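In what follows, a single structure is set out as structure tokens and then discussed.
Bear in mind these aren't lab numbers, they're just calculated from the coordinates by the rules spelled out. Values in this document were obtained by computation on a predicted structure and should not be read as measured data. Here Cβ is always computed from backbone atoms with ideal geometry, including for glycine, and neighbour counts include all displayed protein chains.
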Amino acid sequence: MGFFTEVQKEALKAAGEGGFERVKDMLAGTDLVKGRDKSKSIEFLYLNAARGGPIYVTLPPNAARGGHVEILRYLFERYPYPRNSLLDAIGDAILYGSLDTVRLFLDRWPDTVDVNSCGSHSSTPLTLALRVEHRAAAYSMTELLLRYGADPNKPSYQGLPIEYALTSSWPELVPLLIKYGAEPFPLEKELQLLPRAASNGRLEAVSRLVEKGADLDADALKAPYDGSALWNAVLRGHVKVAEYLICAGADPNQRNHAGESMLQVAERLSVNKKEMVAALQAFGAR
């Protein structure tokens, strides 16, 4: 944030934390929105207020943070909104479970914030909602978007919404999509999603698919999910998933397409390297 003044940084922080009165006071002054920095300041105020926290601050991944709707309304009434930032903001609001923010955007700008368009996250709003980490927020956000006309059969860059739901941690998302018109996924194709669930670290989805009869050695998906489920879990550093797959019967000494062992793949990890290597060795990997 080196290109912002201290006053601007303070305002951005206040917007992200919901400091409505502080934001109003600073906007009323002369230091925040003057000169060539004005548009950039306002753009980041929109983003921070929408996502419920300052940009460049890591938010707890399992908590659904609420957007600060009163600040957004205040900004929208007084300043032009940057269209690209609006698309970014709704994407962040969806991922952080900010229902009120998403509802505000959809009610006010249904044409700009197209519920079926792909935004900056390379996903439709619906497939973003299906990736929300918090269970209740994922269901509520998905249902909200479906009620606003999201197409349950419109693919995103990684497939259909039903594929996102089948590889999520929350099984209730699948019947919710079907209720709103999603085409059911054949069991044969569903079971082929095991490497994808493993790559995403979704232990709940992995166990569901294995219990339904998924082939532990199947390699039926295209990049970035090509390879076996165990290879995908090891490559992404998902130790618990790797341990589960081995206990379910996956071979810890299998090799990938390049002839590398699972241990060799684990040695390249930037996260959970020691834990993954130790887990593989504990199961006899060489």
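Distance distribution note for segment 133-198: the fraction of Cα pairs above 13 angstrom is 63%. Backbone phi angles across segment 196-205, fed through the Karplus curve with coefficients 6.51, -1.76 and 1.60 (θ = phi - 60°), yield HN-Hα couplings of 5, 4, 5, 4, 7, x, 8, 4, 4, 5 Hz in residue order; Gly and Pro are listed as x. When the alpha carbon gyration tensor of segment 186-285 is reduced to an equivalent ellipsoid, its three semi-axes come out at 21, 13, 12 angstrom, largest first. Per-residue Karplus couplings for segment 23-30, computed as 6.51 cos²θ - 1.76 cosθ + 1.60 with θ equal to phi - 60°, are listed in order as 4, 4, 4, 6, 5, 6, x, 10 Hz, Gly and Pro entered as x. Length available on full extension from Q281 to D151: 0.36 nm per residue minus the Cα-Cα distance, which gives 42.2 nm. Using the Cβ-Cβ distance between A258 and A218 with R0 set to 30 Å, the FRET efficiency from 1/(1 + (r/R0)^6) comes to roughly 0.95.
On a full-extension model of 0.36 nm per residue, what is the gain between F76 and Q158, subtracting their alpha-carbon distance, rounded to one decimal in nm?
Taking F76 through Q158 to full extension adds about 26.2 nm, to one decimal.
Given a cut-off of 30 Å, name the pairs among K189/K274; K154/K274; K24/K154; K154/K212; K154/K240; K222/K273 whose C-alpha atoms lie farther apart than that in the structure shown. Check vs 30 Å cut-off fails for K189/K274; K154/K274; K24/K154; K154/K240. A straight line joining the Cα centroids of segment 213-229 and segment 260-286 runs 19 Å. Report the paramagnetic label zone for K240: residues of segment 138-174 whose backbone N is under 18 Å from a point 7 Å from Cα along the Cα-to-Cβ axis. It comes to 138, 167-172, nothing else.
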